[in-house]
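A short reminder: the numbers here are calculations on the coordinates, not readings from a lab. None of these values were measured; they are calculated from a predicted model. Reconstructed Cβ throughout: ideal geometry from the backbone, glycine too, with neighbour counts over all protein chains shown.
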Amino acid sequence: MEIDDIKGRSLPGTVLLSIRARNARKAKATPRKRVNDTEIVVASYNVHKCIGTDRRFDPDRTARVIREMSPDVIALQEADNRFGDRAGLLDLARLELETGLVPVPVSGNGKGHGWRGNVLLFK
């Protein structure tokens, strides 16, 4: 986005222009391919209790994002309910079948995925 494109625009107009430019760049981008079999992909993802920016609770969408990243190791934050029994929000058995990612075992966590809502998964 050029500075001339911004001049004379309102803030909402500038934000919209910026979003459109970002989306155009993303559309042109190609996914990064692994260089060889020895490359390891490590990721960190705050899943925000599986609630997206659209404010919808959607654990399947969260799982799709993890599949798209195709990590060898991933650390997830806020993967459990915040209140009550603090149960995990993702179907880890299904995620393991679809991605090969296995959670690091944590003792004494009850129904949660990991320690205080954090879970580490690896292939």
Ranked on Cβ counts within 10 Å of their own Cβ, fewest leading, 97, 76 go 97, 76
Summed side-chain charge close to residue 95 - residues other than residue 95 whose Cβ falls under 11 Å, Lys, Arg +1, Asp, Glu -1
-1
Hey, fewest Cβ within 10 Å first, where do 57, 122 land in order?
57, 122
